[in-house]
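The values are calculated or read from the model by the stated rules, or taken from the named source; none is laboratory data. No experiment lies behind these values; they were computed from the predicted model shown. A quick note on method: Cβ atoms are made from the backbone with ideal geometry, for glycine too, and the neighbour counts reach across all protein chains shown.
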Amino acid sequence: MIWLIGNKGMLGQGVEKLLIRKRLSYLASDKEVDITNYPILQEFTKNIELAWIINCAGYTDVDKAEKEIEKAFLINRDGVRNISKIATEKQAKLIHLSTDHVFNGENNTCLSYTEDDKTEPINLYGESKLAGEREIKENSKKCFIIRTAWLYGMGGKNFVSTMLKLFKEKEEIKVISDQWGSPTYTVDLAEGIIEIINNDSIKFGIYHFTNEGVTNWYEFAREIYRKSKKLGIIDSQKEVEIRGIETKEYPTPAQRPKCSWLSKEKIKRELNLDIRNWQDALTDFLSFLSLQRK
Ligand SMILES: NC(=O)c1ccc[n+]([C@@H]2O[C@H](COP(=O)([O-])OP(=O)(O)OC[C@H]3O[C@@H](n4cnc5c(N)ncnc54)[C@H](OP(=O)(O)O)[C@@H]3O)[C@@H](O)[C@H]2O)c1
């Protein structure tokens, strides 16, 4: 049996769709089975044999985490500790999601980060996620920690959905052009997760997964605009000017890593995952949206 935690979140919804499509036996939970409450987790899993736990739950509001520090750590550190203890008790393998925000992004040459590179978060969300990684390493041996970044897909607020909304409402939008990384389509990440389970992999450890290629938010926005116009998702007659701006022109409560390009060499080599480039994944997502609207 697989236990999917966080099935109402953006990635969790993508994973659940795939579990259903692949006819895998699973149980799912979200906020109603609070990961910060250990007895509740024990009760929920009582008398159930678990082979795998997939944890897609988390505190994910990067800016709010700067103020809601206790809450972020309660969910991303203590909640993750509880899950990893249950995994050990049940002898289940655990797949947990982490983030590019564990790095400081000061990679001047913008080389991609490997799993062995030094972690040094520059915001509290990143601190809380790194604390979660440490809890897992301490409490469970059979675990995959997958760091991802710039997630988008169905069923959640994300950069692509925000851009599509702004293209409809505005004549001009400003987008940051000096933060670099790789977008990740939830469907592609969900497929990677299910492949690890299907292969019954025991190559535990930390892995990076995003779509291939590197871009910045401004170029990503331009590609969303170009593709969504071509697919008829936005009005082909309406012109929106997209202007690139620097981070300092758009202050946010939490600092973001400037360059958080993640290397996928390890996950491709060790777990044999194929990863497509971010442009093809984006086309797929927007094509799906355009079909839905017809
Ligand atoms: N989104 C990104 O760009 C991104 C980038 C890198 C890494 N990640 C990581 O990828 C994972 C999935 O991200 P996502 O964007 O899919 O997250 P999401 O949409 O915010 O989903 C997280 C889910 O966890 C639930 N949750 C929160 N507290 C909980 C608790 N105490 N007990 C049980 N469930 C709880 C949330 O419920 P509520 O919504 O009701 O709070 C939500 O349904 C997270 O670990 C995140 O850190 C995300």
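Working only within segment 281-294, note down all residues that are loosely packed, with under 15 Cβ neighbours inside 10 Å and in contact with a strand residue (DSSP E or B) (Cβ under 9 Å, 6 or more places away or on another chain).
Listed by number, the list holds a single entry, Asp284.
Please go through segment 221-274 and pick out each residue that is within 23 Å of Ser128 (Cβ to Cβ) and surrounded by 17 or more Cβ atoms within 10 Å (Cβ to Cβ).
Correct list: Ala254, Gln255, Arg256, Pro257, Lys258, Cys259, Ser260, Trp261, Leu262.
Given the options Thr88, Thr60, name the one that is β-branched (Val, Ile, Thr) and farther than 23 Å from Thr184 by Cα.
Only one candidate qualifies: Thr88.
Could you list, ordered by first residue, the pairs with Cβ atoms under 6 Å in which the first is in segment 122-151 and within 15 Å of Ala254 (Cα to Cα) and the second is away from the ligand (no atom under 12 Å from the Cβ) and β-branched (Val, Ile, Thr), at least 6 apart or interchain?
These pairs meet every condition: Leu124/Ile69.
Across segment 1-43, which residue is farthest from the ligand (Cβ to nearest atom) among those that are assigned to a strand (DSSP E or B) and among the aromatic types (Phe, Trp, Tyr)? First the steps, then the outcome.
First, pick out the residues of segment 1-43 that are assigned to a strand (DSSP E or B): 2-5, 26-29.
Filter once more, keeping what is among the aromatic types (Phe, Trp, Tyr): 3, 26.
On the way: Trp3: 12, Tyr26: 16 Å.
Here the answer is Tyr26.
Cβ contacts < 9 Å: first residue farther than 15 Å from Thr210 by Cβ and modelled with pLDDT of 95 or more, restricted to segment 272-292; second residue part of a helix (DSSP H, G or I) and among the polar types (S, T, N, Q), any location; separation 6+ or different chain. Result?
Partner pairs satisfying both residue conditions: Leu286/Ser228.
If you go through segment 48-105 one residue at a time, how many are over 14 Å from the mean Cα position of the chain (by Cα), aliphatic (A, V, I, L, M), buried (at least 19 other Cβ atoms within 10 Å of the Cβ) and within 12 Å of the ligand (Cβ to nearest atom)?
Final tally of qualifying residues: 5.
Every residue in segment 220-231 that is aliphatic (A, V, I, L, M) and either assigned to a helix (DSSP H, G or I) or closer than 18 Å to Leu262 by Cα (or both), please.
Ala221, Ile224 - these are the residues of segment 220-231 that are aliphatic (A, V, I, L, M) and either assigned to a helix (DSSP H, G or I) or closer than 18 Å to Leu262 by Cα (or both).
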